[in-house]
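Right, one structure below, let's go through it.
The values are calculated or read from the model by the stated rules, or taken from the named source; none is laboratory data. Since this is a predicted model, take the numbers as computed values, not measurements. Quick reminder, even Gly has a Cβ in these numbers, built from the backbone with ideal geometry, and neighbours come from all protein chains shown.
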Amino acid sequence: MKNLDIFKPFAKQSKGQSINTDGKAVIYTRVSTKEQAENNASLETQKKYCLEFAKRKNIEVIEYFGGTYESAKSDERKQFQKMLTFVKRRKDISYIIVYSYDRFSRTGANGAYISDTLKQQGIVTLSATQEVDAMTAAGSFQQNLYYMFSQFDNELRRDKSVSGMREKLRKGYWIGTIPFGYTNLNPGKGKEQDIVINEDGELLRHAFIWKANEDITHNEISDRLAKKGLKVTAKKLSDLFRNPFYCGLVVSSHIPGEVVEGKHEGLVSKEIFLKIHKLLNKRGYGEKRNADCEHLPLKQFVRSADCDTPYTGYLVRKKGLYYYKNNRIGAKENRSAKVMHEKFTDLLKNYQIQDKKYIAPMKEIMYYTFKAEHEAKIQETAVQQKQILELATKLERLEERYVFEEISQGQYEKFKQKLEAEKYEIEESLYSNGFNLSNLEKAIDLSLKYSLKLPELWDSGDLEVKRSIQKMVFPDGILYDFKNDDYRTTRINSIFSVIPSLSVKNKHKKNGNKTENSDYSRLVLEAGVPIVLFSLKPI
């Protein structure tokens, strides 16, 4: 028998994704701003290219979505979500056509995930100007690269925006909400600011004068202002008195450590502002508190090994020295900040790689250790992805039963709402908490780079750097054993946890003690990593 067509019913069906090449398509267009939408030229151009692409590929377009401004920085867009709901409900939809992949999404990995999820349901995202075969491994990879590049472009734009804000601030212009008591007479993007003192500001000026000359309480100042018709709480006054904008200066977190002469008129003189600031500092407010934090970076991070009470700190003014203490009544645990900082630096040395040549084996250890420790999270992500597909199938089956009148409209709406809510909840969890190994190597490289000079970075860094390093290495903080004058660690970041063991092995080797492969093997086993995966000989 030469003709085998009769045996086709016995042929195995594909278990993977199946795309109906004869299926229909929808077109999705968008612009990022309202101005672009009102201009409409870009939207018309996008639609034109998409229609020409569909005609060239003999694809029938049955619906259009978008046609307005929606930022692709988030995938929670109304028209975008409406389009996704539509294509998932229709069995005859095989394609979503966009002008370019950044019109579909600029969220990088999340955009790639949505596209892949659609593909598993038989729907492919096509670009009219970036033609790739998304059904092949190479094409799918290229498509994902387009999504990643779009996200990278977003980050570049953000950097440019921040750079622009910094330049404005350094020229003395204000950015953001105009402070209380002032009005910008020339508002609008790209316009020259004309910030002047308004009626509230003229009344607020009295508050600064009263504080500087009479040193009365903020509550009393608030009462006086109320009698003049200006309602300002004592708490708000406390914030206003500390804002140098009111003496004609500009400061911002975008230009840390910098003070710029502002283009606006100061409400009071710099002398009056400093006089008020000096009065506030006398009572332990403002600058003193910030200085304390700079000198006491371990405050609240270190806890007593005896009672688990977080350590606070204080300044002995006569000596000009800072101390940490256990604030529990009767604890009597006080220790010099200088000594505790030196001991903390010594502790960090345990998690410092002494030589660059050990980076490669350490990187290998960390990668597999990290995967082993997060195996449950990785499996949970896989389970959630499977649940989403199962719920999508149930929704399709539900719609099919409704179409064939097997269930009533009431039953359909009831169960549809329930299934969609369940699916949405899992998708939200996956988007926010799903585990992705794609950036793991970059994270490890960065951590190893830090570990080469960990103590020096902490010692020379500002408060933010110090606290970041502390949290990075010891996520749950550390304990201080006052009796033995030493630190105890609780939980160590898994990326750093294997460094001390390797450092000991290397130290023995330098001292002339032979380090066998079995020593490195034990290190791997201690880290929970299969020994067969790699060799740990130093390079």
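Please go through the stretch 56-114 and give me each residue that is farther than 21 Å from Ile388 by Cα, assigned to a loop (DSSP other than H, G, I, E, B) and at pLDDT 85 or above, ordered by number. Matches in the stretch 56-114: Lys57, Asn58, Ile59, Glu60, Tyr99, Ser100.
Against the conditions (1) buried (at least 19 other Cβ atoms within 10 Å of the Cβ); (2) in contact with a Lys or Arg (Cβ under 6 Å, 6 or more places away or on another chain), Asn334 satisfies every one except (1).
Listed by position, the helices (runs of 4 or more DSSP H) enclosed by the stretch 314-413 that each have at least 2 residues that are in contact with a helix residue (DSSP H, G or I) (Cβ under 8 Å, 6 or more places away or on another chain) and without any contact (Cβ under 8 Å) to a residue 40 or more places away in the chain are 375-403.
Have a look at Leu156, Leu126 and point out the one that is surrounded by fewer than 12 Cβ atoms within 10 Å (Cβ to Cβ), out of contact with any Leu (no Cβ under 8 Å at 6 or more places or on another chain) and either more than 30 Å from Arg56 (Cβ to Cβ) or modelled with pLDDT of 75 or more (or both).
Working: Leu126 fails: surrounded by fewer than 12 Cβ atoms within 10 Å (Cβ to Cβ).
Selected residue: Leu156, the only one of Leu156, Leu126 that is surrounded by fewer than 12 Cβ atoms within 10 Å (Cβ to Cβ), out of contact with any Leu (no Cβ under 8 Å at 6 or more places or on another chain) and either more than 30 Å from Arg56 (Cβ to Cβ) or modelled with pLDDT of 75 or more (or both).
With respect to (1) more than 20 Å from Gly176 (Cβ to Cβ); (2) in contact with a helix residue (DSSP H, G or I) (Cβ under 6 Å, 6 or more places away or on another chain); (3) surrounded by 13 or more Cβ atoms within 10 Å (Cβ to Cβ), the lone exception for Lys228 is condition (3). Candidates are the residues of the stretch 345-380 that are at pLDDT below 80 and in contact with a Phe, Trp or Tyr (Cβ under 7 Å, 6 or more places away or on another chain); the one that is surrounded by the fewest Cβ atoms within 10 Å (Cβ to Cβ) is Lys377. Cβ-Cβ contacts under 6 Å between residues 6 or more apart (or on different chains), taken from a first residue in the stretch 447-465 that is polar (S, T, N, Q) to a second residue that is surrounded by 13 or more Cβ atoms within 10 Å (Cβ to Cβ), are listed as Ser447/Ile495; Ser451/Gln352; Ser451/Ile353.
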